[in-house]
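What follows is a single structure, written as structure tokens, with notes after it.
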Amino acid sequence: MRQSTVLKALILFTGILGFLACGEKRAPINFPRTDLAQENLIPKPLKITPTHTAFGLDRYTAIYTSQNELGFAAVGEFLAKKIKEKTKLDLWVNDHGDEGVKRIIYINQSDSTTLQAPEAYQLYINRDSVIINASTAAGAFRGIQTLRQLIPEESNDTLAEQRIWPIASGKIEDRPNFEYRGSMLDVARHFFSVEDVKKYIDLLAYYKINVLHLHLSDDQGWRIEIKSWPRLTEVGGSTEVGGGPGGFYTQEDYTEIVEYAAARYITIVPEIDMPGHTNAASVAYPILNGNGKTPELYTGMRVGFSTFDAQKDTVYAFIDDVVEEIAALTPGPYFHIGGDESHVTKKKDYILFVNKVEKIVQKHGKRMIGWDEIVQADIDSTTIAQHWATRENAIAAAKNGSKVILSPAKKAYLDMQYDTLSKFGLHWAAYIPVDTAYIWTPEKLIEGIPLENILGIEAPLWSETISTIDELEYLAFPRMIGYSELSWTTEENRDWENYRVRLANQAPFLDRMDVKYYPSKLIDWKKSKYTYETIEKD
Ligand code: ACM
């Protein structure tokens, strides 16, 4: 049985008094008046109540967490690691070492009725304590991202003998507006290493994104090892757009990504795109091919020329093996089957194919997602349509009782160029400057889709024109930060003029993380003396 909240609070309180009593006498710290409501938080929290004083983060601070609850101690360790990277402070977690502890950060499991929404948290910042309440470790994890954002990039050396990072005081009550808040990375057109994906995950986590969709196969490459069909990666993984070496994730690599994401409460959604976008698979195993041509490795950028043969049993046996192996490595609830741009698949074959593959995905315990074209088939109401192109498809999905993920290409495609001068990206859907990416209302994007049918928002990053992490970052940042706010923050709390100031103040963090973001002229980027070069890497 869980310790009751009251009992835990009592233990905590006695603990604090004990530590304060054995610590050195507290020197009074006079902070300037703060305003928690003016801090540069993204995504903007639901409710902020400032109290105009500050918590002084310093070497006499310790982190405590609920310990009976799965994941809370790990959230505390994660916070300590991030505080160390930012400030070099080495804080104790669930221990108080030799130094007197004067202030605490307590990450507390609470069953309060106000915390029942998934990922909800409360953050209380007082002069001597910071308390994060959440019912789940996922909520606590979102809460510590808010705390990380409140810690100044630079300490205020004038305040005390030892370095102190003042954190504005007050109360934050917060929960996400949409349950699905994602980005997609196309590792098929160009391959990105495990290290690159991990860096992207770290950046997404800081902005409370909770889904990373990996586009693992396309005409130009197959990127995940399938043990029962080894030529998929041996042959199909051997190239990429432009003729580079390609690459693939072994099952161990993929598991490493899944676990890294899970530790940041990010769900990996694997996508095997089919029946179109399948040239690489058909080169590896020509029996899969349905377009009547002898397949050869493809390194160009055209779409819509390949298809699986929807009439062959072997194709479904193959898909069963692929879905089984990937599902076994994927703890998240979803499996994405692509389904877009199958221009050379006959319509009746396409419908047959999607209907059959949906059953396979369900057999392996996953909920199917597909690009919005899948509504032409007889999809189950539990299947999710990802809207990218055709409004009618999104409306039909909602009518079917299905949830819809909003990824409108004109607003949310990260691979669209910012403007005519952009070094990378395409513009077939639109140019998407930083303001256009932010100024739209997902809740009202498509008349005919009730709010309860919108699962959330995802910003896809297709990789035809990018092949390095720097290029990835150029397209993803800063726009991805705006999509985090569009998916987490309520409509009433979103405002471009207010957002652009908070975004400008992300520069010191992005610089410290060595993110090569696009320095859009629409934003008055804050200059930081605290650049990446001044930080030693651990
Ligand atoms: C897509 O952009 N073909 C989903």
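The values are calculated or read from the model by the stated rules, or taken from the named source; none is laboratory data. Every value quoted in this text rests on a predicted model; they were computed, and no experiment measured them. Reconstructed Cβ throughout: ideal geometry from the backbone, glycine too, with neighbour counts over all protein chains shown. Quick note on the areas: whole protein, heavy atoms, side chains included, nothing else; ligands and nucleic acids left out. Shrake-Rupley method; radii C 1.70, N 1.55, O 1.52, S 1.80 Å.
In a fully extended conformation the segment linking Arg391 and Val303 would gain 29.6 nm over its present Cα-Cα distance, using 0.36 nm per residue. Within the chain, DSSP assigns beta bridges of which about 30% are antiparallel (rounded to the nearest 5). Here the contact order of the chain, divided by its residue count and restricted to Cα pairs under 8 Å and six or more residues apart, works out to 13 percent.
Each label point was placed 7 Å from the Cα along the Cα-to-Cβ direction; for Thr294 and Glu179 their separation is 5.1 nm.
Rolling a 1.4 Å probe over the protein heavy atoms of the chain, with every protein chain left in place, gives an accessible area that is 53 percent carbon and sulfur.
Listed by chain and number, the lysines whose C-alpha is less than 25 Å from the C-alpha of Lys423, apart from same-chain residues fewer than 8 away, are Lys198, Lys199, Lys410, Lys411, Lys516, Lys521, Lys526, Lys527.
For region 346-428, the relative contact order is 20 percent, taking Cα pairs closer than 8 Å that sit 6 or more residues apart in sequence and dividing their mean separation by the residue count.
When the alpha-carbon atoms of the chain are used, the pair Rg, Dmax equals 24.5, 82 angstrom.
Under the simplified labelling scheme, the Glu85-Ser381 pair shows an inter-label distance of 4.3 nm, with each label point 7 Å from Cα along Cα→Cβ. In this structure the chain gives 40 Å² per residue of accessible area when probed at 1.4 Å with all protein chains present. Rounded if a/c is under 1.5, else prolate if a/b is larger than b/c, else oblate: which is region 175-313, with a ≥ b ≥ c the root eigenvalues of its Cα gyration tensor? In terms of gyration-tensor shape, prolate. Taking 7 Å steps out from each Cα toward its Cβ at Glu195 and Lys356 produces label points 4.3 nm apart. Can you tell me which aspartates and glutamates have their Cα less than 18 Å from the Cα of Lys363? Leave out same-chain residues fewer than eight positions away. Partners within reach: Glu271, Asp313, Asp320, Asp321, Glu324, Glu325, Asp378, Asp380.
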